[in-house]
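Chemist: Mind having a look at this structure? Questions to follow.
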Amino acid sequence: MNENQVKGKLKEIGGKIQEEFGDAIDSPTQEAKGKATKVEGKTQKTMGDAQEKVENTLDDAARRPH
């Protein structure tokens, strides 16, 4: 796992908590902020996943005999 994957997952979890808290206290603003944070986290995690795939592909290519 890389930094973007970890930070993204943490943001996603934090956003989910904020969204549920907003629902519990009947605050559409907090729910919306939580959803936005959750989407931001998912996006960052996806970017980290792509970064890892590229790094793995480059590593595999470097190991192959020329």
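Laboratory data are not the source of any read-out in this text; all were calculated from the coordinates shown. Computed from a predicted structure; not experimentally measured. So basically every Cβ, Gly included, is an ideal-geometry build from the backbone, and we count neighbours across all protein chains shown.
Chemist: Hey, what's the Kirkwood Rh for the chain if you take every pair of different alpha carbons, in angstrom?
Modeler: Result for the chain stands at 13.0 Å.
Chemist: Taking the chain as the reference, fit the longest principal axis to its C-alpha atoms, fit the long axis of helix 3-24 to the helix C-alpha atoms, and give the angle between the two in degrees, 0 to 90, nearest 10.
Modeler: That helix lies at roughly 20 degrees to the long axis.
Chemist: Give me the angle, in degrees from 0 to 90, between the Cα long axis of helix 28-63 and the longest principal axis of the Cα atoms of the chain, rounded to the nearest 10.
Modeler: Taking the Cα atoms of the chain, the angle to 28-63 is about 10 degrees.
Chemist: Charges at C-beta only: +1 for Lys and Arg, -1 for Asp and Glu. How large is the resulting dipole of the stretch 3-63 about its Cα centre, in Debye rounded to 20?
Modeler: In debye, rounded to 20, the stretch 3-63 gives about 60.
Chemist: Explain nothing, just the number: relative contact order of the stretch 3-63, from Cα pairs under 8 Å at least 6 residues apart, as a whole percent.
Modeler: Computed value for the stretch 3-63: 41 percent relative contact order.
Chemist: Shifting gears a bit: Among Glu20, Glu31, Glu55, which one shows the biggest mean-square fluctuation in a GNM of the chain, springs joining Cα atoms closer than 10 Å?
Modeler: Maximum fluctuation in the GNM of the chain, among the listed residues, is at Glu55.
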